[in-house]
Amino acid sequence: MTVAARIATALLPFPWLLRLLVNVRPGMPRRGESQQATRVCQAVTRIAHWPVRWAVCLPQALAAHWMLARRGVPSHIRFGVRAGAPGLSSHAWLICRGEPVLGQAAGIAYQPVFEYPAAQGGA
């Protein structure tokens, strides 16, 4: 899934990527949902760094979002920007049930500007 996300981010225009995001309707939190999110995010991070770091924040967030959606776990991708030398930089991280679950360490330095699918009930 991470490979597919990396290819999609390299080849598709951003509006098309947004159409690929699966909007899972939030329901009552299910037992083990946070453990599933943790396992999925750990797996995505491992594969994105093996054998060398080849998938950056957006492909990782997309892959984890898709994998969680297949498991019925709602999530959304938060996009942020940071101004600084030598210019503008951006970052994407994954939010699940209002909590950052992937890419949150780097996300602290970024000002959130957009979420997709739109956050439902917290974040």
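Where in the stretch 56-116 are there strands (runs of 3 or more DSSP E), lying wholly inside it, with at least 1 residues that are of a type in the set (S, T, N, Q) and closer than 17 Å to Leu18 by Cα?
87-96
Six or more apart or on different chains, Cβ under 9 Å: which pairs go from a residue in the stretch 79-97 that's in contact (Cβ under 8 Å) with a residue 40 or more places away in the chain to one that's part of a strand (DSSP E or B)? Could you list them?
Leu94/His76; Leu94/Ile77; Leu94/Arg78; Leu94/Pro100; Leu94/Val101; Leu94/Leu102; Cys96/His76; Cys96/Leu102
Take the conditions modelled with pLDDT of 75 or more, acidic (Asp, Glu) and either loosely packed, with under 13 Cβ neighbours inside 10 Å or within 19 Å of Phe114 (Cα to Cα) (or both) and apply them to Glu33. Does it pass?
So Glu33 does not fit the description; no.
Please work out if His65 is under 20 Å from Ala8 (Cα atoms), touching a Ser or Thr at 6+ places or on another chain (Cβ under 9 Å) and of a type outside the set (Ser, Thr, Tyr).
The answer is yes for His65.
As an exercise: evaluate Ser75 against (1) surrounded by fewer than 17 Cβ atoms within 10 Å (Cβ to Cβ); (2) on the phi < 0 side of the Ramachandran plot; (3) at pLDDT 75 or above and give the number of the one condition it does not meet.
(1)
What are the pairs, 6+ residues apart or on separate chains, where a residue within the stretch 105-117 that is under 18 Å from His65 (Cα atoms) has its Cβ under 6 Å from a residue that is of a type in the set (Val, Ile, Thr)?
Sorted first by the residue in the stretch 105-117, then by its partner, the pairs are Tyr116/Ile77.
Can you name the residue in the stretch 43-55 that is modelled with pLDDT of 75 or more and within 16 Å of Trp66 (Cβ to Cβ) and, of all such residues, is surrounded by the most Cβ atoms within 10 Å (Cβ to Cβ)?
The qualifying residue surrounded by the most Cβ atoms within 10 Å (Cβ to Cβ) is Val44.
Scan the stretch 79-107 for residues that are closer than 15 Å to Ala118 by Cα and surrounded by fewer than 23 Cβ atoms within 10 Å (Cβ to Cβ) and jot them down. Before the answer, list the steps.
Keep residues of the stretch 79-107 that are closer than 15 Å to Ala118 by Cα, which gives 79-80, 92-100.
Phe79, Gly80, Arg97, Gly98, Glu99, Pro100 - these are the residues of the stretch 79-107 that are closer than 15 Å to Ala118 by Cα and surrounded by fewer than 23 Cβ atoms within 10 Å (Cβ to Cβ).
The values are calculated or read from the model by the stated rules, or taken from the named source; none is laboratory data. The structure displayed is predicted, hence computed values, not measured ones. Reconstructed Cβ throughout: ideal geometry from the backbone, glycine too, with neighbour counts over all protein chains shown.
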